[in-house]
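Each remark here refers to the structure printed beneath this line.
The values are calculated or read from the model by the stated rules, or taken from the named source; none is laboratory data. Please read all numbers here as calculations on a predicted model, not as lab measurements. Please note: Cβ atoms are built from the backbone with ideal geometry, for glycine as well, and neighbour counts cover all protein chains shown. What goes into the accessible areas is simple: the full protein's heavy atoms, side chains included, and nothing from ligands, DNA or RNA. Shrake-Rupley method; radii C 1.70, N 1.55, O 1.52, S 1.80 Å.
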Amino acid sequence: MAPLVWLITGCSSGFGNQFVYNILARGDKVVATARDLSKIQQLKQLGVSTFQLDITDSQSSINATIAKVLAEHGRIDVLINNAAYIAIGTWEDLSYEDWLAQFDTNVFGTIKVTKAILPHFRERKTGTMVFISSLSGWIGHAGCSAYAGSKFALEGIVEGLHAETAHLGLKTLLIEPGRFRTKLLSSGNMIARTSDIPDYAEKSRAQMEGLVGEDQKQPGDPAKLVEIVLDLVREEGVAQGIEVPFRLPLGFDCYTDVKEKCEATLATLETWRNVATSTDMET
Ligand SMILES: NC(=O)c1ccc[n+]([C@@H]2O[C@H](COP(=O)([O-])OP(=O)(O)OC[C@H]3O[C@@H](n4cnc5c(N)ncnc54)[C@H](OP(=O)(O)O)[C@@H]3O)[C@@H](O)[C@H]2O)c1
């Protein structure tokens with residue numbers, strides 16, 4: 001296989017940073033992006049092509065960055081929409097601005113980067129779009145509604161994109177990690193609003209303490225997830241000779257929780273079948 005050219009958002013830490021090393025190890029080319037270029041200086045020293053890209057920038061600014069990447073590399077084969085952050089707090093404790101900012105990055109930023117690359121993929125009738133979703137794209141946990149909402153939104157819009165573009169030869173992959181040891185829960189990256197509202201305060205404080213305690217103790221190994229994603233995109237290793245799914249939960253916790261939700265949903269459908277199917281017009 002000819003070396004692929006990958007573009008990744010949010011390469012300063014976590015999965016994004018890990019992707020760069022593992023892609024290089026497979027002999028492919030990487031365009032690493034970050035909103036603060038100084039954070040990926042060390043990648044430049046490895047010979048990686050680096051570009052400044054804040055996914056909340058305007059569509060025209062993101063289009064211009066992608067045009068520069070294409071001028072330098074000639075093509076992009078794989079886009080990894082990885083950049084995002086988590087906002088923790090109850091509905092009432094997150095401000096309207098907190099909610100907007102969560103969706104601006106996790107949803108609208110991802111839309112803008114993908115829209116900037118889609119014309120290139122359509123023109124070449126090839127291209128793979130990987131979206132890093134989450135277990136929170138399946139389950140809304142207390143104090144995690146804004147993040148879950150952004151990931152549920154991602155699940156829906158990416159499912160639609162897949163349906164719109166599969167006939168053009170484009171591939172779409174939704175990856176749903178459980179809890180992985182990255183900087184997602186670090187104080188610099190996570191936005192956390194502890195509640196002073198008596199009805200929530202105790203639970204909120206316990207949740208914040210839990211998250212601080214979980215940081216850097218999450219069970220998931222980012223390097224293992226990244227290797228699987230590379231296999232899925234390159235159709236080798238664990239993906240050799242088997243149809244690559246559109247959506248894949250990764251992590252024991254994610255597998256267990258998603259299975260439980262699917263089983264509970266199937267049980268509800270069966271128990272309520274007669275009611276659920278009773279609402280059509282008579283004629
Ligand atoms: N780790 C987990 O347990 C887990 C579970 C499910 C899903 N995920 C998803 O995995 C993806 C990567 O997160 P991670 O776990 O690797 O966490 P991370 O270590 O915090 O990495 C997040 C990356 O996103 C970047 N970023 C945030 N806002 C950005 C913006 N506006 N423009 C460009 N880059 C931006 C950050 O850059 P800065 O350094 O500039 O802030 C950082 O490089 C996210 O989509 C996250 O939702 C993670």
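Looking at the stretch 45-65 only, could you name the residues that are within 13 Å of the ligand (Cβ to nearest atom) and either part of a loop (DSSP other than H, G, I, E, B) or closer than 19 Å to residue 182 by Cβ (or both)? Correct list: 53, 54, 55, 56, 57, 58. Scanning the stretch 66-95 for residues that are away from the ligand (no atom under 16 Å from the Cβ) and of a type in the set (Ser, Thr, Tyr) yields 90, 95. For the stretch 160-201, the tally of residues that are within 21 Å of residue 146 (Cβ to Cβ) and in a helix (DSSP H, G or I) stands at 3. Counting only helices (runs of 4 or more DSSP H) that fall entirely inside the stretch 205-283 and contain at least 2 residues that are touching a strand residue (DSSP E or B) at 6+ places or on another chain (Cβ under 8 Å) and open to solvent by less than 100 Å² (accessible area, probe 1.4 Å), the qualifying elements are 222-234, 252-271.
Kindly establish whether residue 80 is closer than 21 Å to residue 171 by Cα, open to solvent by less than 10 Å² (accessible area, probe 1.4 Å), part of a strand (DSSP E or B) and of a type in the set (Val, Ile, Thr). Yes; evaluated as a whole, the condition is true for this residue.
A single member of 74, 47, 109 is closer than 19 Å to residue 6 by Cβ and out of contact with any strand residue (DSSP E or B) (no Cβ under 9 Å at 6 or more places or on another chain), and it is 47.
State all residues of the stretch 112-155 that are open to solvent by 30 Å² or more (accessible area, probe 1.4 Å), touching a residue at least 24 places away in the same chain (Cβ under 8 Å) and in a loop (DSSP other than H, G, I, E, B); if no residue qualifies, say none. Hits for the stretch 112-155 are 125, 126, 138, 139, 142. Scanning the stretch 236-283 for residues that are within 16 Å of the ligand (Cβ to nearest atom) and either closer than 19 Å to residue 222 by Cα or of a type in the set (D, E, K, R) (or both) gives 247, 248, 249, 250, 251, 252, 253, 254, 255, 256, 257, 261. Does residue 98 satisfy the criteria of being open to solvent by 10 Å² or more (accessible area, probe 1.4 Å), within 16 Å of the ligand (Cβ to nearest atom) and farther than 21 Å from residue 8 by Cβ? Yes. Within the stretch 1-44, being among the polar types (S, T, N, Q), surrounded by fewer than 18 Cβ atoms within 10 Å (Cβ to Cβ) and either under 12 Å from residue 80 (Cα atoms) or within 12 Å of the ligand (Cβ to nearest atom) (or both) holds for one residue alone: 38. Restricting the stretch 165-177 to residues that are within 16 Å of the chain's Cα centre (by Cα) and either open to solvent by 20 Å² or more (accessible area, probe 1.4 Å) or within 6 Å of the ligand (Cβ to nearest atom) (or both) leaves a set whose member that is nearest to residue 252 (Cα to Cα) is 177.
Of the candidates 136, 95, the single residue that is under 17 Å from the mean Cα position of the chain (by Cα) and of a type in the set (S, T, N, Q) is 136.
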